[in-house]
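The values are calculated or read from the model by the stated rules, or taken from the named source; none is laboratory data. Since the structure is predicted, the reported quantities are computational estimates derived from the model, not experimental observations. Note: ideal-geometry Cβ built from the backbone for every residue, glycine included; neighbour counts use all protein chains shown.
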Amino acid sequence: MSAQSTIEAVPVMTPPPQELPQALQTALRGKFLVFDGPDGSGKSTQLSMFIDAVRKAGIEVAEVREPGGTEVGEKIRDALLGHLNRETMSLRCEMLLYMASRAQLCEQVIAPALQAGKLVIADRFVSSTYAYQGTAGGIPIQEIDAAAQIAMQGTQPDATLIFDVDQDTAASRLNPLLDRMEAKGAAFHAKVRKGYQDLIASDPDAERYLRVDATGSQIDVFTNIIEVLTARFCSL
């Protein structure tokens, strides 16, 4: 999956919780949403703002992150994102570790939460694997699909919000203490962005992958989130 975890520089002052339209509040219950995008896209800030708004609306939410979200997953996360001293992790090992964390998360947390009618919001999911290990890393999509089928056992997001931002803006938002994935360099991250854009292009009806313009202010980006979610779930 993605480099998948971004330690983004979050401003000290964040806006107060925003209001969700009533129709969207109703539509989101029991759904599975993913917030995804390149490192430095501002995804983490918007995820926090959105969850605040969801809880303010009284919606029961299960918040998870990838890799991680379970005791097993957090140990895998440490292995994936920590800097290695003596050897380089192979790309397929990396991909399969992300899938292993995802398998545990789907079975232990996501599937039960959805069965209980909760809104599940994930910080990254299989879309990150397509962008980072697929487009940027070079693993064929068929291999990722095969591993994902085993890991996810039919657990699929209702929508994946992809935060799209130019590379210079993304780089300026990164914490200077980069994790192993964030530190892979500009050429790698340009490929990652292309991977996400390819996912958006593969879904012209915006049913699975919803592009969020992440270049504006925090409120502008949040407004864009509400607009794309409303178009996806309230216009059916």
Study note, to complete from the structure: In the range 131-150, residues that are within 20 Å of Lys184 (Cβ to Cβ), surrounded by fewer than 23 Cβ atoms within 10 Å (Cβ to Cβ) and among the polar types (S, T, N, Q) total 1
Exercise for review: Consider Ile141 carefully, then state whether it is without any contact (Cβ under 8 Å) to a residue 12 or more places away in the chain and of a type in the set (A, V, I, L, M).
Suggested key: yes
Check your understanding: Which pairs have Cβ atoms under 7 Å, sit 6 or more apart or on different chains, and link a residue in the range 209-236 that is within 15 Å of Gly37 (Cβ to Cβ) to one that is among the basic types (Lys, Arg) and at pLDDT 95 or above?
Key -> Leu210/Arg232
Check your understanding: Within the range 29-67, which residues are in a loop (DSSP other than H, G, I, E, B), touching a residue at least 40 places away in the same chain (Cβ under 8 Å) and over 14 Å from Ala113 (Cβ atoms)?
Key -> Gly37, Pro38, Asp39, Gly40, Ser41, Gly42, Glu66, Pro67
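Can you pull out the residues in the range 1-32 that are of a type in the set (Gly, Ala, Ser), modelled with pLDDT under 50 and over 23 Å from Gly73 (Cα atoms)?
If the condition is that a residue be of a type in the set (Gly, Ala, Ser), modelled with pLDDT under 50 and over 23 Å from Gly73 (Cα atoms), then Ala9 is the only one that fits.
Considering Glu60, Glu66, which residue is in contact with a Lys or Arg (Cβ under 8 Å, 6 or more places away or on another chain), at pLDDT 95 or above and more than 21 Å from Gln153 (Cβ to Cβ)? Outline the logic, then answer.
Working: Glu66 fails: more than 21 Å from Gln153 (Cβ to Cβ).
None of the others qualify; the one that does is Glu60.
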Review point. Within the set of pairs 6+ apart or on separate chains, which have a first residue in the range 145-159 that is in contact (Cβ under 8 Å) with a residue 24 or more places away in the chain, a second that is surrounded by 12 or more Cβ atoms within 10 Å (Cβ to Cβ) and assigned to a loop (DSSP other than H, G, I, E, B), and C-beta atoms under 8 Å apart?
Key: Pro157/Phe125; Pro157/Arg208; Asp158/Lys31; Ala159/Lys31; Ala159/Arg208
Check your understanding: What's the number of the condition Ile144 fails, among (1) of a type in the set (A, V, I, L, M); (2) at pLDDT 95 or above; (3) outside any helix (DSSP H, G or I)?
Key -> (3)
Check your understanding: Exactly one of (1) in contact with a Leu (Cβ under 9 Å, 6 or more places away or on another chain); (2) in a loop (DSSP other than H, G, I, E, B); (3) closer than 18 Å to Phe125 by Cβ is unmet by Ile76. Its number?
Key -> (2)
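Only residues that are assigned to a helix (DSSP H, G or I) and crowded, with 23+ Cβ neighbours inside 10 Å: list them for the range 111-130, please.
Initially, the range 111-130 is screened for residues assigned to a helix (DSSP H, G or I), giving 111-115, 126-130.
Result: Val126, Ser127, Ser128, Thr129, Tyr130.
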Check your understanding: What number of residues in the range 188-217 are closer than 18 Å to Pro157 by Cα and assigned to a loop (DSSP other than H, G, I, E, B)?
Key -> 7
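Are any residues in the range 101-146 β-branched (Val, Ile, Thr), under 17 Å from the mean Cα position of the chain (by Cα) and over 15 Å from Gly37 (Cβ atoms), and if so, which ones?
Selection gives Val109, Ile110, Val120, Ile144.
Residue-by-condition table, conditions (1) among the small types (Gly, Ala, Ser); (2) at pLDDT below 75; (3) in contact with a strand residue (DSSP E or B) (Cβ under 8 Å, 6 or more places away or on another chain):
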{"position": "Arg173", "(1), (2), (3)": "no, yes, yes"}
{"position": "Gln197", "(1), (2), (3)": "no, no, yes"}
{"position": "Ile200", "(1), (2), (3)": "no, no, yes"}
{"position": "Asp205", "(1), (2), (3)": "no, no, no"}
{"position": "Arg211", "(1), (2), (3)": "no, no, yes"}
{"position": "Gly216", "(1), (2), (3)": "yes, no, no"}
{"position": "Phe222", "(1), (2), (3)": "no, no, no"}
{"position": "Cys234", "(1), (2), (3)": "no, no, no"}
